[in-house]
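Structure first, then comments.
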Amino acid sequence: MAAPRDEPGSVEAEGSSGRQGSSGVKVVLPSDLATPAPLCPHGPTLLFVKVNQGKEETRRFYACSACRDRKDCNFFQWEDEKLSEARLAAREAHNQKCQPPLSRSQCVERYLKFTELPLSQRRFCQGCQQLLLPDDGEQHREHQVVGDISITQLKRPSQLLYPLENKKTNAQYLFTDRSCLFLVDLLSALGFRRVLCVGTPRLHELIRLKASGDKKSNIKSLLLDIDFRYSQFYMEDSFCHYNMFNHHFFDGKAALDVCRTFLQEDKGEGVIMVTDPPFGGLVEPLAVTFKKLIAMWKEGQSQDNGHKELPIFWIFPYFFEARICQFFPSFCMLDYQVDYDNHALYKHGKRGRKQSPVRIFTNIPPNKIVLPIEEGYRFCSLCQRYVSVENQHCEHCNSCTSKDGRKWNHCFLCKKCVKPSWIHCNTCSHCALPDHSCQGPKDGCFICGELDHKRSTCPNISTTKKVNTAVRKQKHRKSSKMKMETTKGQSMNHTSVTRKKKRRERAHQYFCS
């Protein structure tokens, strides 16, 4: 979902559609690393390599795992770069400076004191996004402060905190109550007793709310999230400050042990992981992290259960299906549309391309998952799963083939169902939009005119880039000079203008003589 970037230190997904030969940046998976990755404020960095037309460049670099925009985290280091002791010390100081102002234990201590205060003294600073104790009043006197914070509000921190809406970093889009309640009821119906919420703060709080208000509900929840602000509202056994892109626990071994204990309780029975990563994130590091959590869960399993899998709900857009199934072949995609409160487009009930593309990927058999009929889902007896009403069963594919909620059409030339807006292109030999750009032969390279390659792979491209850069710089210098002369001319008096005009006339006479 993020826009492409060209800087070496800016990280972009390697073709979200999974096409080969595209340009971009590819992550080097941890198994290929010879040395530990350097640290940035968000934990261990990831190693990347630029890819152009399927070919990797020789020089690789480290960049932040969580932030794909250097404005959010400007860490950049070549893999083979040697840093001085002074630079390493400065980096360490910067990393420490960027950490949350309060430790985990301090947050818990403040929370307990806050809950003991009378209602009139419970205040929350909206500017600092912080719960305030009586001694904090002077520091926040000029800030926008909300008073009378009830216990009910403390149990719904996602409604107190401003969502972090940088889709390249935090992408804190929050489930609507419709989606959240559906998930809570579904998890309960499937018999799960513990839910590991990785980046799903609203689901976490609704599970806890239901458990506190319903004696029959015995579901427990642990939230792992990169938003440290939630540290103010939860005890150590309910929240861990966590980066899902590098499996980094910011509070070290203590938080890691909390997660391990939660996964391995009751010998690992009755637990499920539900995750809703930022859609601009790379699938590869997320898959590596989730496999580490799976391995942590398996440590508590007996050898007899070695074939079992940790149940997972991975919530992600449907067009990432191929990438997700590449890492988790047992996953299937459900038709259920997940929607969000603070996202303008990802809403349930809209039609065509405006409806939410977000789905649930899971390793739980789809015939066990009941989708609400009142919301437009039906059970397909042939597929043995619930699908959207418009997702019609194709007798040629022997499947309900639609991915986006619309009725798809079968193409006999492609031998598969395609989107209703696509037509078969004889030039490309596959279906695409009517106004697409064909991948067939063109008139040749735009740079040198040869017919055996395209501009992107032209051997003269580097020379052309240098020439174009030089021309752009020259034009920029001329433009700047003209602007400066115009500005100066406007501020000159009449005498200086006349003097300058006479000099130009004399020079003209000289050149013409």
(request) Among residues belonging to the stretch 223-253 that are assigned to a strand (DSSP E or B) and in contact with a Cys (Cβ under 7 Å, 6 or more places away or on another chain), point out the one that is farthest from Lys113 (Cα to Cα). (result) Phe249
(request) Please specify each residue of the stretch 398-419 satisfying the condition of being more than 33 Å from the chain's Cα centre (by Cα) and under 19 Å from Ala322 (Cβ atoms). (result) Cys411, Lys415
(message) Return the residues of the stretch 94-143 that are among the aliphatic types (A, V, I, L, M), surrounded by 13 or more Cβ atoms within 10 Å (Cβ to Cβ) and within 21 Å of Asp237 (Cα to Cα); say none if nothing qualifies.
(response) Leu102, Val108, Leu131
(message) Can you pull out every residue in the stretch 271-326 that is in a helix (DSSP H, G or I), among the polar types (S, T, N, Q) and under 21 Å from Leu256 (Cα atoms)?
(response) Thr289
(message) Can you say whether Arg202 is assigned to a helix (DSSP H, G or I), open to solvent by less than 30 Å² (accessible area, probe 1.4 Å) and charged (D, E, K, R), as far as the supplied structure shows?
(response) yes
(request) Name the single residue, out of those in the stretch 45-56 being under 18 Å from the mean Cα position of the chain (by Cα) and farther than 17 Å from Arg87 by Cα, that is most open to solvent (accessible area, probe 1.4 Å). (result) Leu46
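From the list Phe61, Phe124, which one is within 21 Å of Tyr162 (Cα to Cα) and either touching a residue at least 24 places away in the same chain (Cβ under 8 Å) or part of a helix (DSSP H, G or I) (or both)?
Details: Phe61 fails: within 21 Å of Tyr162 (Cα to Cα).
Exactly one residue qualifies, and that residue is Phe124.
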(request) Could you run through the stretch 386-424 and say how many residues are buried (at least 16 other Cβ atoms within 10 Å of the Cβ) and either among the hydroxyl-bearing types (Ser, Thr, Tyr) or in contact with a Leu (Cβ under 9 Å, 6 or more places away or on another chain) (or both)? (result) 9
(request) Looking for whichever is in contact with a His (Cβ under 9 Å, 6 or more places away or on another chain), open to solvent by 10 Å² or more (accessible area, probe 1.4 Å) and within 30 Å of Gly24 (Cβ to Cβ) here; the options are Phe245, Phe328. Which one fits? (result) Phe245
(message) Return the residues of the stretch 127-145 that are touching a residue at least 40 places away in the same chain (Cβ under 8 Å) and in a loop (DSSP other than H, G, I, E, B); say none if nothing qualifies.
(response) Gln129
(message) Looking only at the stretch 171-182, how many residues end up being under 21 Å from the mean Cα position of the chain (by Cα) and not in a loop (DSSP other than H, G, I, E, B)?
(response) 3
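What tally of residues in the stretch 159-170 results from selecting those that are part of a loop (DSSP other than H, G, I, E, B), open to solvent by 20 Å² or more (accessible area, probe 1.4 Å) and modelled with pLDDT of 55 or more?
The number of residues fulfilling the criteria is 4.
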(request) For the stretch 61-93, name all the residues that are of a type in the set (S, T, N, Q), within 26 Å of the chain's Cα centre (by Cα) and surrounded by fewer than 17 Cβ atoms within 10 Å (Cβ to Cβ). (result) Asn74
(message) Anything in the stretch 207-238 that is open to solvent by less than 20 Å² (accessible area, probe 1.4 Å), under 13 Å from Val195 (Cβ atoms) and out of contact with any Gly (no Cβ under 8 Å at 6 or more places or on another chain)? List them, or say none.
(response) Ile207, Ile219, Ser221, Leu222, Leu223, Ser238
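Every residue in the stretch 422-441 that is part of a loop (DSSP other than H, G, I, E, B) and modelled with pLDDT of 85 or more, please. It would help to see each step written out before you state the result.
Within the stretch 422-441, the subset part of a loop (DSSP other than H, G, I, E, B) is 422, 426-429, 433-441.
Once the filter is applied, which keeps residues that are part of a loop (DSSP other than H, G, I, E, B) and modelled with pLDDT of 85 or more, the stretch 422-441 yields Trp422, Asn426, Thr427, Cys428, Ser429, Leu433, Pro434, Asp435, His436.
The values are calculated or read from the model by the stated rules, or taken from the named source; none is laboratory data. Given the structure is predicted, the values throughout are model-derived calculations rather than measurements. Cβ: placed from backbone, ideal geometry, glycine included. Neighbour counts: every protein chain shown. Surface areas here come from the heavy atoms of the whole protein model, side chains and all, with no ligands, DNA or RNA. Shrake-Rupley method; radii C 1.70, N 1.55, O 1.52, S 1.80 Å.
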